[in-house]
Every structure is written in structure tokens, then in C-alpha cells.
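The values are calculated or read from the model by the stated rules, or taken from the named source; none is laboratory data. Model, not experiment: these values are computed from the prediction. Note that each Cβ is placed from the backbone with ideal geometry, even for glycine, and that neighbours are counted across all protein chains shown. Surface accessibility is based on the protein's heavy atoms, side chains included, excluding ligands, DNA and RNA. Shrake-Rupley method; radii C 1.70, N 1.55, O 1.52, S 1.80 Å.
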Amino acid sequence: MRVVRLDSDMITRIVLTCIALLASARCTPAQSTQSCTVAHVSDGDSIKCRDGSRVRLIGIDAPELDQEPFGKRSRAALERRIPAGSVVALEFDVQPRDRYGRYLAYVWLDGRLINEEQVAEGFAATLTVPPNVRLAERFRTALASARERQAGLWADDGFQCRPEDHRRKRC
């Protein structure tokens, strides 16, 4: 049996290669995917595809359109990220559809996770609904950063009444 001695340069190259592989794994869809050509953005966390499919972005919750002016600002932010005609990848988690028949998906465009961008830029909060929790920690990190930076709607108290509470008429 031959013993290979690793010098510090070789160890450094191995570590850097591992880091690069891990980083690239976070920037592309990992599970089963389906493509969607965006017909329109419904609100800050939902889109409709040209084939008629409705998609709810997993892990995020944007203000409702009647939460003036925050709902419209959140929708506009998502429209800027994925305008009509964009071809996005829908990545599914454990449960692919909700009780309304909408696809539940992580939405990717050019290696960017759109769900995370909406949260990181302050146009959506997090909403973790098991069993679709694979990227929940990633979204929580983005939320903490957005709040700290007062990004997007955080600068204007846009989440004083969280969307979930608004839907339940709590505020």
C-alpha cells in the first residue's frame, strides 16, 4: 500500500475546491425542476406561468395587495426580478402543491434564488410551512440582514402588520 503525504499547498487546494463546490451547489436548483415562462406576477410571492400554472414561492410571505402601499411595492419588486416573458426554473421541495392547487416552488433565474432575493431586499418576510423547509434557514438569514439594514419595506414599517396576520384580520 502506497502512502501519500499531503503538503500544505495540496491541502489548501483541496479545501478551496471543496468550498467552491459547496458554494456552487447553493446557486443552482438541486431538486426536481420544471420550467415556467412567466405570464405575470400576481403579487410579491406568487406568479402565473403562460401554461396557466399558478406558483406560490416557498418560504416567503409578501404583503397582500390591499395592504397599501406595501403590497403593490412588493409585487413591483418581483416584477423587476422576473418580468413577464422570463423563463424561470421551478424547484420543488417535499410537497409540490398547496391546497389551492398552486405549485409550491423555489424560483430560480440565472442562478439566482428569487425567493431569497425578495426577502433579502426587504420585499417579503419569511413563512415556513412544513414539510417545505429545506431552505428555511437561508431565508431567515436573509430576513435578519434585511431588517438590520432597513431594506425595502422595512424602512417604512411595511411589516408592522405581517401578511399572515393581515389575512387573519388581526391587524
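Side notes on the structure shown:
- Neighbourhood charge, 10 Å Cβ-Cβ cut-off, centred on Lys48 and excluding it, Lys, Arg +1 and Asp, Glu -1: +2
- Ranking by accessible area, most exposed first, for Asp61, Asp98 with a 1.4 Å probe: Asp98, Asp61
- Where only alpha carbons of the stretch 68-171 are counted, the Rg and the Dmax (Å): 13.9, 38
- Sulfur and carbon atoms: percent of accessible area, the stretch 93-171 [1.4 Å]: 48 percent
- Counting only protein heavy atoms and a 1.4 Å probe, the stretch 68-171 has 52 square angstrom of accessible area per residue.
- Peptide packing: for 148-154, 88-94, 129-135, the average count of neighbouring Cβ atoms within 10 Å per residue gives the ranking 88-94, 148-154, 129-135, highest mean first.
- Local electrostatic count, Cys161, Cβ distance below 13 Å [Lys/Arg +1, Asp/Glu -1]: -3
- For Thr37, the solvent-accessible surface computed with a 1.4 Å probe is close to 40 Å², ligands and nucleic acids excluded.
- Extension gain for the segment Arg112 to Ser145, taken as residue separation times 0.36 nm less the Cα-Cα distance, is 10.1 nm to one decimal.
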